[in-house]
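Below is one structure; the comments refer to it alone.
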Amino acid sequence: MGYNPQLVTDTRAKIASYLQQRNWPFEEDESGAYRLYQGSTYVSLTVKQWGENTLICIRSPLSIDVTNMSSELAQMLLEKNYDLILGKFSYNRNNRTIYYENALMGSDLDPSELYSAVEAAAVVADKYDDQIAKYSGGRRAID
């Protein structure tokens, strides 16, 4: 199947509706992602087509402008990944950012699934961003 923009549009509309039902304030950033602020970070929701379905990428930056991605920090993140039940830590070397991220299938998304995933991202990101920014030489998303 080729690219079908209607799949992405429909999933984005479903997400916006669910967020509004929960009275969660959100904004659309320059890339088209929905952004919800929480504590010292934010949660970003991006929809992508994945085959005949859509994938919702849930991502929260923990440390921006990382200057020290040491082997010790990488090991710490891998060990924390093992402990996490939902989601993972990741590093994007191109924009020098450490994230907490998760993904959901979009076509059969229900509200409680979205709420749980967003809340998990917000809680984990807010819990770890100070520590990870300190170790990585970066800064938190709101700094």
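The one condition from (1) in contact with a strand residue (DSSP E or B) (Cβ under 8 Å, 6 or more places away or on another chain); (2) at pLDDT below 95; (3) among the aliphatic types (A, V, I, L, M) that Ile98 does not meet is (2).
Taking first residues from region 97-126 that are in a loop (DSSP other than H, G, I, E, B) and partners that are among the polar types (S, T, N, Q), the Cβ contacts under 8 Å between residues at least 6 apart in sequence or on separate chains come to Gly106/Thr11; Gly106/Asn53; Gly106/Thr54; Ser107/Thr11; Ser107/Asn53; Ser107/Thr54; Leu109/Thr11. In region 7-38, the residue that is nearest to Asp129 (Cα to Cα) out of those that are part of a strand (DSSP E or B) and touching a helix residue (DSSP H, G or I) at 6+ places or on another chain (Cβ under 7 Å) is Gln38.
Of everything listed in (1) closer than 28 Å to Val8 by Cβ; (2) at pLDDT below 95; (3) touching a Lys or Arg at 6+ places or on another chain (Cβ under 9 Å); (4) surrounded by fewer than 17 Cβ atoms within 10 Å (Cβ to Cβ), the single unmet condition for Asp110 is (3). Would you point out the residue of region 16-37, among those that are open to solvent by less than 80 Å² (accessible area, probe 1.4 Å) and out of contact with any Phe, Trp or Tyr (no Cβ under 6 Å at 6 or more places or on another chain), that is farthest from Leu62 (Cα to Cα)? The extreme case among them is Ser17.
The values are calculated or read from the model by the stated rules, or taken from the named source; none is laboratory data. Every value quoted in this text rests on a predicted model; they were computed, and no experiment measured them. Cβ: placed from backbone, ideal geometry, glycine included. Neighbour counts: every protein chain shown. The protein model used for the area step is the full one, side chains on, heavy atoms only, and it has no ligands, DNA or RNA in it. Shrake-Rupley method; radii C 1.70, N 1.55, O 1.52, S 1.80 Å.
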